[in-house]
1. Restricting attention to segment 353-375, which residues are charged (D, E, K, R) and more than 19 Å from V303 (Cβ to Cβ)?
2. Which residue, of T458, T451, is exposed (fewer than 13 other Cβ atoms within 10 Å of the Cβ), of a type in the set (S, T, Y), modelled with pLDDT under 85 and more than 30 Å from K107 (Cβ to Cβ)?
3. Name every residue in segment 7-35 that is within 16 Å of ligand 1 (Cβ to nearest atom) and either without any contact (Cβ under 8 Å) to a residue 40 or more places away in the chain or among the hydroxyl-bearing types (S, T, Y) (or both), in order of residue number.
4. Any idea how many residues of segment 10-34 are out of contact with any Asp or Glu (no Cβ under 6 Å at 6 or more places or on another chain), assigned to a loop (DSSP other than H, G, I, E, B) and within 16 Å of ligand 2 (Cβ to nearest atom)?
5. Which is hydrophobic (A, V, I, L, M, F, W, C) and in contact with a helix residue (DSSP H, G or I) (Cβ under 6 Å, 6 or more places away or on another chain), of F98, F89?
6. For the condition within 14 Å of ligand 1 (Cβ to nearest atom) and either in contact with a His (Cβ under 6 Å, 6 or more places away or on another chain) or acidic (D, E) (or both), what is the one hit in E249, E234?
7. Among the residues of segment 29-61, what is the count of those that are polar (S, T, N, Q) and over 13 Å from T282 (Cα atoms)?
Amino acid sequence: MALRFFNTLAREIEDFHPAEPPLVRIYTCGPTVYNFAHIGNFRAYVFEDLLQRHLEFRGHRVVRVMNLTDVDDKTIRGCRAAGLPLGEFTAPFKAAFFEDLEALRIKRAAHFPEATDPVHIRRMIEMISVLVEKGHAYRAEDGSVYFRIRTFPAYGHLAHFPLDQLRDGVRVRNDEYEKENVGDFALWKARSPEDGDVAWASPWGEGRPGWHIECSAMATGILGPEIDIHCGGEDNIFPHHEAEIAQSECVTGRRFVRLWMHCRHLQVEGSKMAKSAGNFFTLRDLAERGWSGREVRFALLAVRYREPLNFTLDGLAAARSSLQRIDAWRQRLAETAGQALPLEVPGEGFAEALDDDLNISAALGFLFDTLRATNRRMDDGTLPAGEAAGWLVWLDGIDTVLAIQHGEGGIPEAVAALLKEREAARAAKDWASSDVLRDRILQEGWIVKDTKTGQKTTPAP
Ligand code: AMP
Ligand code: ZN
């Protein structure tokens, strides 16, 4: 069966046909690096990671690009407030972002282009020049350049907005921007005093690119004029992605994107995430409260990307206990399997659920049904060793998509390090340290027992 995904543009589920299978070109809008990314952003990135991993599981070769927006109104405001050059201001947030990706086990994209890279700035200016030449864009009196939306009849299709009026209609004189039409958006923003020294030379005078053209330039510059899948959070649909389509298609004359996928926004404790509401979490905040990257990953992953997801601390606790069940299951399967050769097991249901527009709830349902049924048979002693070995192989296979298991041997690295330390303490007959380490291992969710053959660990129930 073909893979099927919901296309925001068509508003329906479609069979997936990349232009040049098995290659799949994906562009994902990345973070604006003026702050630490929050867990709402990470819902989008975890969803995109699941998409990539499942496509790869199905034999596709994915080339994914994720941009870093390192120049826009927010980054400029931030660097001015901090009294730092733009690059110095954004550098630590870029570094933090990569650390967070790793903690959440999000596969690195093939390219992480930065908007301020001179190669991309040049391409942005080139694209704007083409748009001006073709009559799709105009320079306003202040030196800013705007896209003329009435020249692109498809403008508004992605968002399903009745934009005809806006597109064709009333010319609005906007004092601030001198735009021909309120809906026209900036491709190039003329340098203003608030920009400080953040400016590039262009045929229209000094200034900086608009956010939308940044993505069009990086996407088409790296992946070419046609992209198989473009993703983002639902807030990106309008105006950002609508503008990306208009700019790119007016320059290249080709269909920019075959499949548009957007995840629903993450809610936190039932409402919109906001600093003022006290429900604004970064991954760092959660780590300080004792939640691991894989627990946060699981909590974000476990709800299908198009469903609303309400992120709560209870939800994290549920993620923790689900993961502990999987850990315990793996350990039990390994004990039952011994050295037996793995048998083929009927595990297709998991991947088939993901084929259906990443139906992760059904996929995890399959996993937990399997876990329950085999646990029951292990209770009875009726699960053959070869079958247990087969489920272990299966679990490792689906974990290339889920990425939620512990490291090798099922024991997390942090616990393995503590075990080693404890072994040394015991060898030195330092019983006090040994006890302290036992408690620390327990805090990590593992019970350690001392046997004749050494320490033995099991996940805490
Ligand atoms: P930004 O840094 O605001 O440009 O956002 C980066 C990515 O995170 C974009 O794809 C956004 O659509 C996405 N995003 C932002 N807030 C949320 C949220 N609360 N839930 C899900 N995705 C979000
Ligand atoms: Zn973008």
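1. R372
2. Unique residue meeting the criteria: T451.
3. T8, Y27, T28, T32, Y34
4. The total comes to 4.
5. Of the residues listed, the single one that is hydrophobic (A, V, I, L, M, F, W, C) and in contact with a helix residue (DSSP H, G or I) (Cβ under 6 Å, 6 or more places away or on another chain) is F89.
6. Residue meeting the stated conditions: E234.
7. So the answer is 2.
A quick yes/no check of all residues on (1) within 16 Å of ligand 2 (Cβ to nearest atom); (2) exposed (fewer than 15 other Cβ atoms within 10 Å of the Cβ); (3) polar (S, T, N, Q); (4) free of Cβ contacts under 8 Å to residues at least 60 places away in the same chain:
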{"position": "F185", "(1), (2), (3), (4)": "yes, no, no, yes"}
{"position": "R191", "(1), (2), (3), (4)": "no, no, no, yes"}
{"position": "E194", "(1), (2), (3), (4)": "no, yes, no, no"}
{"position": "W200", "(1), (2), (3), (4)": "no, no, no, no"}
{"position": "M218", "(1), (2), (3), (4)": "yes, no, no, no"}
{"position": "G224", "(1), (2), (3), (4)": "no, yes, no, no"}
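The values are calculated or read from the model by the stated rules, or taken from the named source; none is laboratory data. None of these values were measured; they are calculated from a predicted model. Don't worry about glycine lacking a Cβ; one is built from the backbone with ideal geometry, like all the others, and counts go over all protein chains shown.
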